[in-house]
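Undergrad: Sharing a structure below in structure tokens format, with a few things to ask.
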Amino acid sequence: MYSVLLVDYSRRMCRELKQLLEDNRLPFTITDSVSSSNAALAALLDRDFSVVVVHTDQCDTAGLWLCHHIRKKSDIPILLLGGRDQFRLVRKAMTYQVNDYLPSPVRPAALLQSLRGLLNKIEPVSMKKKPAVKPTIQLNGKAMDSIHVIRIVKAYVRDHLNEEITLKKIADMLHFNCAYLGQKFKMEEKISFNDYMLKERMKKAKQLLLSTDLRIYEIALEVGYRDIDWFYKKFKAYAGSSPNAYRRQKAHTA
């Protein structure tokens with residue numbers, strides 16, 4: 001079993017995470033749970049852990065401070081959960097080489113996927129295959145694995161679907177050249193940024209059509225379309241039917 005240090009500023013995560021690990025038989029066990037950054041650093045000095053899970057809740061600054069100080073001394077995998085200003089949090093966290101970030105509210109399926117991904121980081125070195133070399137991107141003067149930067153871009157898209165989003169706007173926030181960032185995105189995701197954004201908007205539109213009674217123009221606004229006719233056109237091209245027809249069809253087959 002791999003030992004987990006849980007840093008839970010909210011004091012609410014321990015039982016939920018423990019139950020999730022038991023139910024899904026993951027090879028992790030919470031061997032210590034603390035609720036402050038100083039206690040976390042003391043625990044790391046006192047014993048060996050396989051992974052650190054940091055649940056920031058409303059304590060973004062404390063969580064980032066802790067990640068920064070852990071990374072100064074150790075390359076132990078860090079999983080960061082929650083936070084209020086998600087884009088600021090994930091951007092800063094990646095400069096501290098946090099291994100993964102899940103926005104609040106944390107979905108159990110996403111948490112399981114992330115923990116399974118961390119297994120590759122903590123297996124004995126002799127059992128690992130040599131990883132493929134990933135291209136790096138300069139972020140705040142540090143060379144970053146490009147997949148981490150793309151994670152920031154994707155998180156921003158998901159969290160701001162109801163706004164006007166452009167790759168240039170994101171590139172300016174990250175202080176990157178827009179064309180360069182677009183190339184890196186396509187290299188990692190095998191899809192252009194614009195196609196990815198369309199896919200995410202249509203996915204959310206479908207979800208809202210099936211799970212809410214929102215009117216079509218309200219759904220269009222929720223996924224970033226101010227022109228209702230343009231939304232109809234894009235949805236029909238993507239889904240093969242109009243939004244109204246899609247909602248009726250799925251309702252009849254449910």
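The values are calculated or read from the model by the stated rules, or taken from the named source; none is laboratory data. Being a predicted model, the structure only gives us computed values, none of them experimental. A quick note on method: Cβ atoms are made from the backbone with ideal geometry, for glycine too, and the neighbour counts reach across all protein chains shown. In case anyone asks, the SASA skips ligands and DNA or RNA and just uses the protein heavy atoms, side chains included. Shrake-Rupley method; radii C 1.70, N 1.55, O 1.52, S 1.80 Å.
Undergrad: Residues of region 80-98 being surrounded by 23 or more Cβ atoms within 10 Å (Cβ to Cβ) and either modelled with pLDDT of 80 or more or more than 14 Å from the chain's Cα centre (by Cα) (or both), which ones?
TA: Of everything in region 80-98, those that are surrounded by 23 or more Cβ atoms within 10 Å (Cβ to Cβ) and either modelled with pLDDT of 80 or more or more than 14 Å from the chain's Cα centre (by Cα) (or both) turn out to be LEU80, LEU81, VAL98.
Undergrad: When region 1-26 is examined, which residues are found to be open to solvent by 40 Å² or more (accessible area, probe 1.4 Å) and in a loop (DSSP other than H, G, I, E, B)? Give the steps one after another, and end with the answer.
TA: Quick first cut of region 1-26, residues open to solvent by 40 Å² or more (accessible area, probe 1.4 Å) only: 1-2, 11-12, 15-16, 18-19, 22-25.
Matches in region 1-26: MET1, ARG11, ARG12, ASN24, ARG25.
Undergrad: Would you please name the residue that is nearest to LEU81 (Cα to Cα), looking only at residues in region 46-70 that are among the polar types (S, T, N, Q) and open to solvent by 50 Å² or more (accessible area, probe 1.4 Å)? Before you say what the answer is, go through the steps one by one.
TA: The initial filter retains those residues of region 46-70 that are among the polar types (S, T, N, Q), namely 50, 56, 58, 61.
From what is left, the residues that are open to solvent by 50 Å² or more (accessible area, probe 1.4 Å) are 58, 61.
On the way: GLN58: 11, THR61: 13 Å.
The residue in question is GLN58.
Undergrad: ALA39 is checked against (1) crowded, with 16+ Cβ neighbours inside 10 Å; (2) at pLDDT 90 or above; (3) of a type outside the set (S, T, N, Q) and fails just one. What number does that condition carry?
TA: Evaluating ALA39 over (1) crowded, with 16+ Cβ neighbours inside 10 Å; (2) at pLDDT 90 or above; (3) of a type outside the set (S, T, N, Q) leaves (1) as the failure.
Undergrad: For residues that are surrounded by fewer than 16 Cβ atoms within 10 Å (Cβ to Cβ) and closer than 27 Å to ASN120 by Cβ, tally how many sit in region 27-36.
TA: The number of residues fulfilling the criteria is 2.
Undergrad: Also: What single numbered condition from (1) open to solvent by less than 50 Å² (accessible area, probe 1.4 Å); (2) under 20 Å from TYR96 (Cβ atoms) fails to hold for MET197?
TA: (2)
Undergrad: Scan region 101-128 and report the pairs whose first residue is surrounded by fewer than 16 Cβ atoms within 10 Å (Cβ to Cβ) and whose second residue is modelled with pLDDT of 70 or more and in a helix (DSSP H, G or I), with Cβ atoms within less than 6 Å and a gap of 6+ or a chain change.
TA: PRO108/LEU20
Undergrad: Go through region 213-231 and count every residue that is part of a helix (DSSP H, G or I) and open to solvent by less than 70 Å² (accessible area, probe 1.4 Å).
TA: Filtering region 213-231 for residues part of a helix (DSSP H, G or I) gives 216-222, 228-231.
Okay, now just the ones that are also open to solvent by less than 70 Å² (accessible area, probe 1.4 Å), so 216, 218-220, 228, 231.
Total meeting the criteria: 6.
Undergrad: State all residues of region 233-243 that are surrounded by fewer than 17 Cβ atoms within 10 Å (Cβ to Cβ) and assigned to a helix (DSSP H, G or I); if no residue qualifies, say none. Break it down stepwise before answering.
TA: Initial filter on region 233-243 (surrounded by fewer than 17 Cβ atoms within 10 Å (Cβ to Cβ)): 233, 236-242.
Matches in region 233-243: LYS233, LYS236, ALA237, TYR238, ALA239.
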